[in-house]
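Bear in mind these aren't lab numbers, they're just calculated from the coordinates by the rules spelled out. Because the structure is predicted, anything quoted here is derived from the model rather than measured. Reconstructed Cβ throughout: ideal geometry from the backbone, glycine too, with neighbour counts over all protein chains shown.
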Amino acid sequence: MHPNPSFRQDSTNRHLDFAAHVGFGMVSATVDETQPPMLAHVPFLLSENRSFAELHLARANAIVKARKDRLPAAIAIQGSHAYISPDWYAVEDQVPTWNYVAVHLTGTLVRLAQDEIRRLVEELSDHFEGRIEGKTPWRTDKMTAGTMEKMLIQIVPFRFEIEDVQGTWKLNQNKPDTARLSAAAQVETSPLGLGTGALAGLMRSVPTD
């Protein structure tokens with residue numbers, strides 16, 4: 001996480017709201033101290049009390065192959081981000097940077113019993129399908145008999161027990177308001193980043209008191 005405290009003033013609840021809304025992140029776990037950390041990109045579902053997330057990994061994933069029931073891990077959730085040109089501030093003596101939103105969850109990855117997998121897949125699909133306006137949600141019973149079972153055996157369910165939550169909302173809070181808003185106007189249509197329009201909106205909504 002960014003060390004500048006200006007970018008880390010938001011509450012744990014806001015970080016968790018963000019994680020729940022995005023619902024997709026990068027799991028990092030070290031399964032062998034002699035090897036680099038293993039990474040996996042996964043959708044996840046945050047529990048109602050925000051104490052854990054549930055997810056699944058492909059059976060062929062190195063994290064699964066480690067065959068450890070409990071494994072220290074982290075989930076990084078990336079939000080909107082964009083390059084910031086120093087010229088966009090309309091003030092002198094600035095340098096290039098990158099604005100972004102990111103939340104890191106650290107904790108323990110716990111392997112669940114395989115018979116939990118159908119419940120987990122159904123809860124994940126219900127959650128995301130329900131967010132598509134005007135669409136009849138997809139259900140597992142639409143699958144041909146036996147096909148779903150063959151697919152489910154290829155993935156393994158996990159619970160991620162959350163022990164710490166950290167977030168960075170780097171939105172030029174350390175700049176004068178006029179400079180930040182000037183940069184936001186350029187970010188909105190910039191091709192250098194992801195979700196630049198949303199990021200510009202966040203830059204404009206930074207508290208000014």
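Given R₀ = 25 Å, what would the calculated FRET efficiency be for V95 paired with M26, taking r from the Cβ atoms and rounding to 0.05? Mind dumping the intermediate values first?
Numbers: r = 28 Å, r/R0 = 1.12.
Taking R0 as 25 Å, the efficiency between V95 and M26 is 0.35.
Figure the gain on full extension for S125 and S47 (residue separation times 0.36 nm, minus the Cα-Cα span) and round it to one decimal in nm. Please list the in-between numbers first.
Numbers: separation 78, 0.36 × 78 = 28.08 nm, distance 1.47 nm.
26.6 nm is the gain from fully extending S125 to S47.
For I132, I162, what ranking results if the residue with the fewest other Cβ atoms within 10 Å of its Cβ goes first?
Arranged by neighbour count, lowest to highest, I132, I162 become I132, I162.
Quick check: residue separation of Q35 and A66 times 0.36 nm, minus the Cα distance between them. What number comes out in nm? Spell out each step's value before the answer.
Numbers: separation 31, 0.36 × 31 = 11.16 nm, distance 1.22 nm.
So the chain would gain 9.9 nm between Q35 and A66.
Among K142, K68, K175, which comes first, second and so on when ranked by fewest other beta-carbon atoms within 10 Å?
So the ranking, lowest neighbour count to highest, is K142, K68, K175.
Taking K and R as +1 and D and E as -1, what net charge do the other residues with C-beta under 12 Å from the C-beta of G167 add up to?
Every neighbour counted, the sum reads 0.
Over what distance in Å are the Cα centres of segment 143-209 and segment 1-56 separated?
12 Å
Suppose the chain between S11 and A145 were pulled fully straight at 0.36 nm per residue; how much longer would it get relative to their current alpha carbon spacing?
43.6 nm
Just one of [x] 20.1, 67; [y] 16.9, 53; [z] 15.6, 43 is Rg and Dmax of the Cα atoms in Å calculated from these coordinates, so which is it?
Structure-derived value, by its label: [x].
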